[in-house]
Amino acid sequence: MQFDRRHILITGASGGIGAALARQFAGERAQLLLHGRNAEALKALADQCHELGSPRALICSADLSTPQGRQQLVSCVEQEFPQLDTLVNNAGISCFQLFEQQSPDAIEQLINTNISAPILLTRGLIQKLLQAQGEAPLILNIGSAFGAIGFPGYSTYCASKGALRLFSEALAREYTDTRLRVQYLAPRATRTAINSEQASAMTAATGGHIDSPEVVARAAVKLMRSGRAQAAIGWPEKLLVRLNGLRPELISQVLSKQLGKIKGFANQPHTGA
Ligand SMILES: NC(=O)c1ccc[n+]([C@@H]2O[C@H](COP(=O)([O-])OP(=O)(O)OC[C@H]3O[C@@H](n4cnc5c(N)ncnc54)[C@H](OP(=O)(O)O)[C@@H]3O)[C@@H](O)[C@H]2O)c1
């Protein structure tokens, strides 16, 4: 994979993992379209990417949870970034909260942002990706360890990331007879604004490890270079994901012992980041 020939769109580039991905790709001299909602943060990131070696770093601000916002981004690609060959579906929100405390509006927003948006954005850009010249076009979906392990307090988030994981797997298989490659990366807890104070405190209290966004960005580049369909980050999470697939009752036993502690953090009048 030669990043210096790539034209990469990163959604959610204004956030922790998205910005780290942008800096990593910029260091490899890729051309970038940086998406988010926060235009100021995107402008500052674009300047940084130029300094790091990206010959071109454009920005587009749009709310992907709405059809208008998604259309805005597709139009931006068509008009300003027609050489697109790599789509990184990274934008997302989280919610660490007891299920009965999650408002229907918050649930709808999470499903829109984390699963409807990446699927519909991919649908809007698939022809352009299939027609891309040069190296094999690529879609990288940023999922989560919680896309494979149902975790108390994260019911809606787990549902969205589990759906993204299967979307990625099905799409990868559907396009095996084309040049398009579809990959799925599952980070574990990562130090970004997506995690509320309670979520970070729960991770620490239950012995979970928290990565830096740069660890995720390096893992993304490694996955893209490998051509593999999926990768997870970190031990013991990689093992737990596999074990949950084979013997979910063992993971249920472990989590039931920690349930009181987890519920203590999740039982808060907050909506998460
Ligand atoms: N951090 C973790 O612990 C962790 C672990 C596993 C997986 N992940 C996944 O990694 C991805 C990036 O998360 P992060 O940790 O970097 O979180 P973050 O710092 O909060 O960044 C989230 C990004 O998504 C964008 N976004 C959210 N809602 C949007 C909307 N409606 N329209 C357009 N953009 C929207 C945000 O844009 P604005 O800044 O402009 O609002 C921001 O750029 C997510 O998919 C997340 O689920 C994170």
Quiz item: Across segment 149-163, in residue order, what do the Karplus-derived ³J(HN,Hα) couplings come to in whole Hz, using 6.51 cos²θ - 1.76 cosθ + 1.60 with θ = phi - 60° and x for Gly and Pro?
Solution: 10, x, 10, x, x, 10, 3, 6, 4, 4, 4, 5, 6, x, 5
Quiz item: HN-Hα J couplings of segment 2-14 from phi, Karplus 6.51/-1.76/1.60, θ = phi - 60°, integer Hz, Gly and Pro as x?
Solution: 10, 5, 5, 9, 8, 10, 10, 9, 10, 7, x, 6, 6
Exercise. Have a look at Gly150, Leu52, Ala41 and report the one farthest towards the positive end of the charge dipole of segment 3-266, computed about the Cα centre with Cβ charges (Lys/Arg +1, Asp/Glu -1).
Key: Gly150
Practice problem: Please report the relative contact order for segment 1-112, taking Cα pairs under 8 Å with a sequence separation of at least 6, and give it as a percent rounded to a whole number. | Solution: 29
Exercise. Compute the long axis of helix 117-130 from its Cα atoms, compare it with the longest principal axis of the Cα atoms of the chain, and write down the angle in degrees, 0 to 90, nearest 10.
Key: 30
Quiz item: For segment 3-266, what is the percent of antiparallel DSSP beta bridges, rounded to the nearest 5?
Solution: 0
Quiz prompt | Relative contact order, percent, the chain [alpha-carbon distance under 8 Å, six or more residues apart] | solution = 20
Quiz item: Charges only on Cβ, +1 for Lys and Arg, -1 for Asp and Glu: so what's the dipole of the chain about the Cα centre, in debye to the nearest 20?
Solution: 720
Exercise. Any chance you could check the Cα centroid distance between segment 80-114 and segment 226-258 for me, in angstrom?
Key: 23
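Considering only the other residues whose Cβ falls under 12 Å of the Cβ of Ile59, what net charge follows from Lys and Arg at +1 and Asp and Glu at -1?
On the way: positive: Arg37, Lys43, Arg56; negative: Glu40, Asp47, Glu80.
Summing Lys and Arg as +1 and Asp and Glu as -1 gives 0.
Within 12 Å, Cβ to Cβ, of Leu87, how many net charges do the neighbouring residues add up to if Lys/Arg are +1 and Asp/Glu are -1?
On the way: positive: Arg6, Arg123, Lys128, Arg181; negative: Asp85.
Combined, the nearby Lys, Arg, Asp and Glu give +3.
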Quiz prompt | Which of Ser103, Ala117, Leu84, positive extreme of dipole for segment 75-128 (C-beta unit charges) | solution = Leu84
Quiz prompt | Most mobile listed residue (Ser103, Ser94, Ser212) in the chain, GNM with C-alpha springs under 10 Å | solution = Ser103
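Mind checking the per residue accessible area of the chain for me, 1.4 Å probe, whole number of Å²?
Numbers: 12650 Å² over 273 residues.
With all protein chains present, the chain gives 46 Å² per residue.
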Practice problem: Determine, for segment 3-266, the count of lysine pairs separated by eight or more sequence positions (or lying on different chains) whose alpha-carbon distance falls under 25 Å. | Solution: 10
Exercise. On a 0 to 90° scale, report how tilted helix 39-52 is relative to the longest principal axis of the chain, with both axes built from alpha carbons and the result rounded to the nearest 10.
Key: 60
Quiz item: Once phi is turned into θ = phi - 60°, what whole-Hz ³J(HN,Hα) does the Karplus curve with 6.51, -1.76 and 1.60 give for every residue of segment 26-36, x standing for Gly and Pro?
Solution: 5, x, 8, 6, 7, 8, 10, 10, 9, 10, x
Practice problem: Considering only Asn114, Asn195, Asn89, give the residue with the highest GNM mean-square fluctuation for the chain, with springs between Cα atoms whenever their separation is below 10 Å. | Solution: Asn195
Quiz item: Can you list the residues, at least 5 places off or on another chain, whose amide H is less than 5 Å from the amide H of Gly92, using H built in the peptide plane?
Solution: none
Quiz item: Among Gly162, Gly208, Gly134, which one shows the biggest mean-square fluctuation in a GNM of the chain, springs joining Cα atoms closer than 10 Å?
Solution: Gly134
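The values are calculated or read from the model by the stated rules, or taken from the named source; none is laboratory data. Values in this document were obtained by computation on a predicted structure and should not be read as measured data. Counting neighbours? That spans all protein chains shown, and the Cβs are built from the backbone with ideal geometry, glycine included. Side chains included, ligands, DNA and RNA excluded: accessible areas come from the protein's heavy atoms. Shrake-Rupley method; radii C 1.70, N 1.55, O 1.52, S 1.80 Å.
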